[in-house]
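Each remark here refers to the structure printed beneath this line.
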Amino acid sequence: MSGPAGGTGSDILIDRDGPLTRAAVLTGGRLTDLYIDHAERPSLLGHVFLGRVERIATGLDGAFVDLGTGKSGLLSALDARGPKGRPKAKGERIGNLLRTGQTVLVQVKADATGAKGPSLTMDITLPGRFLVHAPLGRDVAVSKRLGSGPERTELARRIQDIAPGAGWIVRAGAATAPDGLLAAESDALHLAWRSIRDAAERGGGPSLLLTGPDAPRRALIEHGAAAPSRIIVDDAALARDLADWCADRAPDLEERVEPFDARLLANPSDGRQRLFDLRDLDAEIETLLGTRVPLSGGGSLVIERTEAMTVVDVNAGERGNPLDVNLEAAAEIARQLRLRNAGGIVVVDFVNMRNRGDAERLLNALSRAVEDDPAQTQVYGLSKLGLVEMTRARRGTALAELLGTVRTAAAED
């Protein structure tokens with residue numbers, strides 16, 4: 001086996017390091033995405049529960065739902081449904097949708113943060129590489145990334161012929177996927193929903209009905225549509241587990257799963273070499289916990305995370321052309337937000353530009369840079385103070401908060 005080197009394709013490297021299970025996506029040899037699970041602080045993102053309404057919070061226009069985990073979740077009226085899954089009417093308040101003591105089928109859409117419990121939704125979605133099953137939906141929606149025109153209509157018809165029932169969101173990768181893979185994935189997602197529905201109809205609760213995808217599977221779901229060159233796993237049991245999952249859900253990826261054998265790479269005097277050591281990923285991940293990110297020519301980003309928002313300051317260094325600095329910064333900001341799993345409001349102070357056309361060019365470049373982000377990211381434009389305002393959907397725990405738990409535990413030991 002050769003080491004995971006660079007190239008134009010992508011590799012997914014997966015390892016277990018103490019309480020952490022990590023999946024790193026390398027594109028062209030560069031770290032572009034990072035997924036981490038912490039055994040001592042498990043994420044509930046994507047989990048489906050049969051919960052019980054504890055109380056209606058009229059002031060919040062929401063309901064607190066007991067999940068059986070010890071911390072209640074908040075279900076906003078915007079994410080609620082009426083009896084028998086009836087869609088919420090415009091302006092309808094939570095008191096008209098739910099009642100105290102009622103059992104509800106909910107999914108975690110954002111993990112707990114600080115004193116706040118997890119955020120919940122009744123609009124269940126089950127993600128796949130090519131399709132997302134939204135079983136309570138009534139149509140087939142095609143990703144906006146596929147543009148417009150007759151191709152979108154034709155793709156929607158194709159999915160209707162392949163996938164059972166309604167309630168499907170067609171991801172960009174589906175456009176080039178063979179029918180066999182689409183059928184296999186839609187069948188697996190449909191069966192998962194039937195299992196959830198049947199368990200919910202048996203009642204009981206609060207109880208967990210479906211576990212959301214873990215870090216390795218999230219990486220495969222989000223990046224497997226383009227078929228990574230290799231999926232290298234530094235744990236034999238996990239490699240077998242992922243190969244079995246691929247055989248059921250992603251048969252084209254099964255043969256790409258490789259167990260990592262450090263003995264083929266390490267010198268006898270060096271002892272065992274870990275997978276992440278080969279690309280010095282541990283050192284790179286460590287830099288993601290800092291505030292300063294270097295750019296070429298002496299420029300840099302300063303990234304500060306607060307409870308309310310993430311603030312990014314762009315410094316030009318010795319480079320004279322503000323547009324060049326800002327265009328490089330835009331690409332790196334998009335990458336850093338993904339790697340740090342930043343969520344919520346993002347404010348960027350770019351280097352000042354006097355030309356209005358340059359400002360438009362920068363906003364377009366930033367919008368393109370965040371297009372492929374698995375988390376919904378929106379660039380709103382320049383404020384009156386010349387700051388660029390963005391939002392990025394919260395997905396799981398921010399990297400600094402997650403790894404801060406590991407550092408604290410290590411210090412206590």
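The values are calculated or read from the model by the stated rules, or taken from the named source; none is laboratory data. Quantities reported herein were computed from a predicted structural model and do not represent experimental measurements. So basically every Cβ, Gly included, is an ideal-geometry build from the backbone, and we count neighbours across all protein chains shown. Side chains included, ligands, DNA and RNA excluded: accessible areas come from the protein's heavy atoms. Shrake-Rupley method; radii C 1.70, N 1.55, O 1.52, S 1.80 Å.
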Checklist entry - Gaussian network model of the chain, Cα springs within a sub-10 Å range: biggest mean-square fluctuation belongs to which of 123, 161, 33? => result 161
Checklist outcome for this item: Ranking 97, 309, 12 by how far each Cα lies towards the positive end of the charge dipole of the chain (+1 on Lys and Arg Cβ, -1 on Asp and Glu Cβ), the top one is 97
Checklist entry - On the first, second and third principal axes, largest extent first, how far apart are the outermost C-alpha atoms of the range 170-262 in Å? => result 48, 34, 17
Next on the checklist: Just to be sure I understand: of the beta bridges DSSP finds with both ends in the range 243-381, what percent are antiparallel, rounded to 5?
Outcome noted: 65
Checklist outcome for this item: Ranked by GNM mean-square fluctuation in the chain (Cα springs under 10 Å), the top entry among 45, 337, 327 is 327
Checklist outcome for this item: Partner lysines whose C-alpha sits under 18 Å from that of residue 90, ignoring same-chain residues fewer than 8 away, are none
Checklist outcome for this item: The size of the Cβ-based charge dipole (Lys, Arg +1; Asp, Glu -1) of the range 293-413 about the Cα centre, to the nearest 20 debye, is 280
Checklist entry - Toward the positive end of the charge dipole of the chain, about the Cα centre and with charges on Cβ (Lys, Arg +1; Asp, Glu -1), which of 32, 146, 216 goes farthest? => result 146
Checklist entry - Between residue 310 and residues 5 or more places away or on another chain, which pairs have amide H atoms under 5 Å apart, with H built 1.01 Å from N, and which residues are they? => result 345, 346, 347
Checklist entry - Picking from 190, 207, 165, whose Cα lies most toward the positive end of the charge dipole for the range 126-210 (charges on Cβ: Lys, Arg +1; Asp, Glu -1)? => result 207
Checklist entry - Which value, in debye to the nearest 20, gives the size of the charge dipole of the chain about its Cα centre, when Lys and Arg are +1 and Asp and Glu are -1 at the Cβ? => result 1680
Checklist entry - For the range 47-121, what ratio Rg/Rh do Cα atoms give with a Kirkwood hydrodynamic radius? => result 0.93
Item to check | Pair residue 93, residue 361: separation of 7 Å Cα→Cβ label points (nm) | outcome: 5.4
Checklist entry - Seen from all sides and averaged, what is the projected area of the convex hull of the Cα atoms in the range 290-400, in nm²? => result 6.5
Item to check | Zero-based 10 Å bins, Cα pair distances in the range 1-146, whole percents | outcome: 10, 29, 28, 20, 10, 3, 0
Checklist outcome for this item: Between the modelled labels at residue 296 and residue 61 (7 Å from Cα along Cα→Cβ) the distance in nm is 4.9
Checklist outcome for this item: On the accessible surface of the chain, probed at 1.4 Å with all protein chains in place, carbon and sulfur together account for a percent value of 49
Checklist outcome for this item: Within the range 334-401, DSSP-loop GluC sites (Glu not before Pro) with at most 10 other C-beta atoms within 10 Å are none
Checklist entry - Over the Cα atoms of the chain, how large are the radius of gyration and the largest Cα-Cα distance (Dmax), in Å? => result 22.6, 70
Next on the checklist: Report the gain in length on full extension from residue 151 to residue 116: 0.36 nm times residue separation, minus Cα-Cα distance, nm rounded to one decimal.
Outcome noted: 8.3 nm
Checklist entry - With every protein chain left in place, what is the accessible area per residue of the chain in square angstrom, probe 1.4 Å? => result 49
Checklist entry - What is the dipole size for the range 126-210, taken about its Cα centre, with +1 at each Lys and Arg Cβ and -1 at each Asp and Glu Cβ, in debye to the nearest 20? => result 260
Checklist outcome for this item: Of all DSSP beta bridges with both partners in the range 47-121, the antiparallel percent, nearest 5, is 90
Checklist outcome for this item: Stretched fully, the stretch from residue 166 through residue 284 gains (0.36 nm per residue minus C-alpha distance, one decimal, in nm) 38.1 nm
Next on the checklist: Semi-axes of the equivalent ellipsoid for the range 126-210, please: Cα gyration tensor eigenvalues, times 5, square-rooted, ordered largest first, whole Å.
Outcome noted: 27, 12, 10
Checklist entry - Among 234, 198, 37, whose mean-square fluctuation peaks in a Gaussian network model of the chain (Cα, cutoff 10 Å)? => result 198
Checklist outcome for this item: Stretched fully, the stretch from residue 76 through residue 197 gains (0.36 nm per residue minus C-alpha distance, one decimal, in nm) 41.4 nm
